[in-house]
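Data first, discussion second: the structure below is written as structure tokens.
The values are calculated or read from the model by the stated rules, or taken from the named source; none is laboratory data. In this text, all values refer to a predicted model and were calculated from it rather than measured experimentally. Note: ideal-geometry Cβ built from the backbone for every residue, glycine included; neighbour counts use all protein chains shown. Note: accessible area is taken over every heavy atom of the protein model, side chains too, but ligands, DNA and RNA are not part of it. Shrake-Rupley method; radii C 1.70, N 1.55, O 1.52, S 1.80 Å.
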Amino acid sequence: EDADKKTSKALIPLSDNASAAVHPSDPTLEKLNYIGGSNWQKSGETLVWNFTAETAGYYSLAASYRQNKILGGASYRHLKIDGETPFAEAQRIKFTYGYNWRCMNFTADGNNEKNAPYLIYLGAGPHTLSLSATAGEFSEIYAAMREITSALGDLYLDITTVTGETVDLYRSYNLFEQIPAFNDRIEENVRALATLTAKMEQIQNKKGGSQVSVLQSAAEILRQMRDHPYIAHRYKNAFYNAYTNLSAAMGGLADTPLDLDRIFLVGCGGTAPTVRPAFFTGVAFGAKRFLSSFFSDYSAVSDSEPDASLTIWVNWGRDQAKVLNTLIQDDFSAKQGVGVTVKVVNATLVQAILSGKGPDCILQTARSEPVNLAMRGALVDLSEFSDLEEVTGQFAKDASVPYQYKGGTYALPDTQNFYMMFIRNDIFSSFGLSPPETWEEFLETAAVLQRNNLQPSLPYTQITDSTIVNVGAGGLTLYPTLVLQNGLPLYSPDASQSTLTDAARIQIFSKWTEWYTKYKIPVVIDFYNRFRIGSAPIGIAPYTLYTQLKAAAPEIAGRWSVYPIPGTRREDGTVSRLSAGSGTGCAITQLSQNREEAWTFLKWWTSADTQIKYSDRLESLLGPLGRVAVSNTAAFEALGWEPETLIELRKQRGELAELPEVPGGYYLPRGIDQAFWNVTELNKIPADTLTEWGAVVDREIARKAREYN
């Protein structure tokens, strides 16, 4: 687990305390005892170790490993000694499937019983050994499946342009007449799927299997469409399911995850040690682990220290909390000499204050919470620290605005999100379209797409509970973004009321709702899936969708891009492309008796170095989807974006605007949402509806102002 070199900073040591077979093992403590996992699965990812051969001669290699991700399949690694491949077979060392840890000699097909281990001559002295992830025998399968998936995606898109998203089962579309080479394209893909199925079964040395069944199902749907040309449109939904199943299978085909515990260098004629624990050792290990479960504090992810100076509350998953705790122990506590206890809790801070038992700091709290807690006197005003201005200089302009109340600052931003425009370049090219600069151009683009039965997508999150409200108005709909692009605020200067009833805001609201009522842009759409298949080739979404598409939609790699969102043209002719921001904050509670230490912790937590390390380690555990929407500007730029993507993200981040939060402001997104639904679903007049709900919002803000003076 302590590799000397690695190609990715995500290849970090990991912990497994569920088995006595891994070394070192412990039933109660989490020890870093292996490396790899799902973050060591992409082709080319390499680990390098230095070692010394005391005596010149022939050696064999063995490894203690676990490959329990690819059911019934295998992971492959390319072995090199001193930077050279010792023999051709070393390009594809095969690690077969197994639920638990096992030891394998490096032999042909990983078969310890039938094949003698490979022998490698080593001179006395220092050497290097490297293992690189490779698709092995599946590389050709992956390339072929990608080609088929791409072809089927294009065919599905052509079908959609004829039938629309919803097919009329009783209409005669005659797809074979309207779509060029329709039957030939189906027949070609049927043959390609049959060839691919045969190759897959040959590699697996068996008939059938989950991936083979996906190929066979897709081929059967295509045959039905070929054999029944006049009702081929009725198979559109089945075609879509087959396509998405193929995409999912392809996404995991080239991934070869592997957990690696130990590598053994064995002298010629020697044998590798067994890693399977003795029976009674395994029983004792399991018993200790079972008994410890009765005494463990599952809210704490760190050892509670009697002299701990700080207690940190987070409302995350345990994986994220463990990563934080590791960073704290390795970096913050080691350098600052401050003990920290991290706890995963679901209790509110108000409950903690009433009980007198609470944290020193809270991290990644919802957008509206700092002001709601500040007006109750629950948080420390960070303005009392002399270097606050220096610290906030690490973030985007006005990033601290949502956490300010009555001249004080009650939280630092630790995540920040904003909208970007996603475009399928291949589809835009086919229609002769270019990325829209303004909303007028966006509507013109939408009209062209709709004439071809395609749709644009706009962000909308329906408010169903208080958790969604607490996200803040800027992250739920485009309305706050449109208001900001027109240079207007959403609250009065003294924050005593909203400005929803103002004529200019009503005009913007009317224009916004017309996009849904007049231009028929769908209110709710599964943009991720529709973008993948191409039926929604343009959309506005949080920039974090980028990592989801990169990780889970390999079939459209290179066929899409991100751009800043369309804007509103100013009187001077320039275009405002402001995007309303969203995100979370971190704060110090009034319960803290160690405010200086807590402030030092918040500065450490929001620093570029810490945010980079935290995001990278989450990516190593959860894959690209673990990438964090960091608030620190330097950290944001260091997260491994593609150069052309980073250019566009910088443009939009440079036009990021934040909305203030006010007492009672949680009614603002509710009021906007209720007015929106009354117009789009009940056909009510926009001006009257927003005026009505704007008054409701203002009454709630006034009530809160009276309650908290």
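Assorted remarks:
- Each Lys and Arg Cβ is given +1 and each Asp and Glu Cβ -1; about its Cα centre, region 15-149 then shows a dipole of about 200 debye.
- Dipole orientation for region 454-566: of the candidates 504, 525, 479, 525 has the Cα lying most toward the positive pole (charges on Cβ; Lys, Arg +1; Asp, Glu -1).
- For region 625-665, no residue has its backbone nitrogen under 15 Å from a point 7 Å from the Cα of residue 440, taken along Cα to Cβ.
- For region 426-519, a simple Cβ point-charge model (Lys and Arg +1, Asp and Glu -1, everything else neutral) yields a dipole of about 200 debye relative to the Cα centre.
- Size descriptors for region 325-380: radius of gyration and Dmax over Cα atoms are 13.4, 36 Å.
- Remark: the chain carries 44 Å² of accessible area per residue (probe radius 1.4 Å; ligands, DNA and RNA excluded).
- With semi-axes defined as the square roots of five times the eigenvalues of the C-alpha gyration tensor, the equivalent ellipsoid of region 312-353 measures 22, 14, 5 Å, largest first.
- Under 29 Å from the Cα of residue 236 - lysines, other chains or at least 8 residues apart: 199, 207, 518, 520, 550
- Given 12 as the ceiling on other Cβ atoms within 10 Å, longest exposed-site-free region of the chain for trypsin sites (Lys or Arg not before Pro) in DSSP loops: 208-356
- The chain - Debye-derived log10 I(q)/I(0), Cα point model, q = 0.06, 0.07, 0.09 Å⁻¹: -0.45, -0.61, -0.98
- The radius of gyration of the Cα set in region 526-581, together with its Dmax, comes out at 13.9, 43 angstrom.
- Rule-of-thumb Rg ratio for region 471-552 [Cα; 2.2 N^0.38 Å; N residues]: 1.35
- A viscosity of 0.692 mPa s and a temperature of 37 °C, combined with the Kirkwood radius over C-alpha pairs in the Stokes-Einstein formula, give region 451-495 a diffusion coefficient of 256 µm²/s.
- Extension gain, residue 702 back to residue 518 (0.36 nm per residue minus Cα-Cα distance, nm): 62.7 nm
- Per residue, the convex hull spanned by the Cα atoms of region 625-692 measures out at 178 cubic angstrom.
- Projected-area average for region 45-174 over all orientations - Cα convex hull basis, square nanometres: 12.5
- Rg and Dmax of region 592-709, Cα atoms only, in Å: 21.1, 56
- Here the Kirkwood formula puts the hydrodynamic radius of region 119-213 at 17.3 Å, using every distinct Cα pair.
- Distant-in-sequence amide H partners of residue 342 (H built 1.01 Å from N, under 5 Å): 301, 302, 312
- Using a Förster distance of 51 Å, the FRET efficiency for residue 51-residue 207 (Cβ separation, nearest 0.05): 0.75
- Dipole size of the chain about its Cα centre, with +1 on Lys/Arg Cβ and -1 on Asp/Glu Cβ: approximately 1420 debye, rounded to the nearest 20.
- Tail beyond 13 Å, pair distance distribution of region 4-61 (Cα, percent): 69
- The calculated pair-distance distribution of region 296-437 uses every alpha carbon pair, bins of 10 angstrom beginning at 0, and gives 9, 30, 31, 14, 9, 6, 1 percent.
- Projected label distance in nm at residue 682 and residue 647, using a 7 Å step from Cα toward the beta-carbon: 4.9
- Simple rule: put +1 on each Lys or Arg Cβ and -1 on each Asp or Glu Cβ in the chain, find the dipole, and look at 235, 683, 64; the Cα lying farthest toward the positive end is 235.
- Region 381-449: translational diffusion in µm²/s, Stokes-Einstein, Kirkwood Rh over Cα pairs, 25 °C, 0.890 mPa s: 157
- Positive end of the dipole of the chain (Cβ unit charges, origin at the Cα centre): among 416, 493, 282, the Cα lying farthest that way belongs to 282.
- Vicinal HN-Hα couplings computed from phi for region 334-342 (Karplus, 6.51 cos²θ - 1.76 cosθ + 1.60; Hz; Gly/Pro x): 5, 8, 8, x, 10, x, 9, 10, 9
- For region 418-507, the spread of Cα positions along the three principal axes, ordered from largest to smallest, is 51, 30, 20 Å.
- Extension reserve of the residue 223-residue 238 stretch, reckoned as 0.36 nm per residue once the Cα distance is removed: 4.2 nm
- For the chain, the share of accessible area belonging to carbon and sulfur comes to 50 percent (1.4 Å probe, ligands and nucleic acids excluded).
- Based on alpha-carbon atoms, the Kirkwood radius and the radius of gyration of region 543-651 give Rg/Rh equal to 1.07.
- Using C-alpha pairs below 8 Å separated by at least 6 residues, the relative contact order for the chain is 15 percent.
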